[in-house]
Every structure is written in C-alpha cells, then in structure tokens.
Amino acid sequence: VDVDAKLSVNKFRVDKTNPHIVVVKEPEMAELRKLLIACPAGLYKLNNDGSLQFDYAGCLECGTCRILCGNTILEKWQYPQGTLGVEYQYG
Ligand code: SF4
C-alpha cells in the first residue's frame, strides 16, 4: 500500500487564523521523539539546530499526538472549527 499516495488525495481547509494544535514552547525531547515517529502525517520534524518544526495544516485529526503526549507537548489540541480541517477522500 502506498500510504503517501493515499494521503495525497485528502483535502484540507486550513484555519489560518486559529491553529487547532499548539505545541508548548520548550517541548521535552524524549516526548517529542515519540511524535517524530508516530504522527501519520509526519508533521513533527526537527530542524538542523534541533528545534521543532511543526505545521498543523496537514493534520489528519487522528489524535495520536494527543493520546501519546497530551499536555507534556501540546498546549492545545482541538478539532478544527466547523467545516475546516481534513476532508477524507475514499476510493
Ligand atoms: Fe499528526 Fe494525528 Fe497529531 Fe494531527 S492529530 S498532528 S495527524 S498525530
């Protein structure tokens, strides 16, 4: 199964003014490492200087990061409002 191909058909309506996920300012590296691996959309990445690069725009709203790390890493996790967020395409 080509996961990237399957994910690429999803559409996103990004709420640019109100991120639905906010990461704490100084995330603990041990906790963060879980998310580098576990986020199915690969949204948690490390920059060369070791700082976190996170973009909520491609979020699949699976809740994995919330369940794994909760408020040790996340200052905020909520579903995008109204019709914003991911729109799954099947087939
Ligand atoms: Fe990644 Fe899922 Fe968390 Fe979205 S909810 S950032 S897809 S782990």
**Helix axis angle, 64-73 relative to the chain longest principal axis, alpha carbon, degrees** = 30
**Complete:** Extend 7 Å from the Cα of Leu84 along its Cα-to-C-beta direction; within the range 1-33, residues with backbone N under 16 Å of that point are 12-23
**Request:** Determine, for each peptide in 23-32, 56-65, the mean count of other beta carbons within 10 angstrom over its residues, then list the peptides with the highest first.
**Result:** 56-65, 23-32
**Ratio Rg/Rh [Cα only; Rh per Kirkwood] for the chain** = 0.96
**Request:** Could you let me know the centre-to-centre spacing of the range 8-38 and the range 44-61, using Cα atoms, in angstrom?
**Result:** 6
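Before I look further, what does the chain give for accessible area per residue, probe 1.4 Å, in whole square angstrom?
Averaged over the residues of the chain, the accessible area is 68 Å².
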**Asked** Protein chains only, probe 1.4 Å: how do Ile21, Ile67 rank by accessible area, largest first?
**Response** Ile67, Ile21
**Prompt:** Taking the range 3-87, how many lysine pairs are there with alpha carbons less than 24 Å apart, if each pair must be eight or more places apart or span two chains?
**Reply:** 13
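The values are calculated or read from the model by the stated rules, or taken from the named source; none is laboratory data. A quick note: this is a predicted structure, and the numbers were derived from the prediction, not measured. Cβ coordinates were reconstructed from backbone atoms using ideal geometry, including for glycine residues, and neighbour counts include every protein chain displayed. Quick note on the areas: whole protein, heavy atoms, side chains included, nothing else; ligands and nucleic acids left out. Shrake-Rupley method; radii C 1.70, N 1.55, O 1.52, S 1.80 Å.
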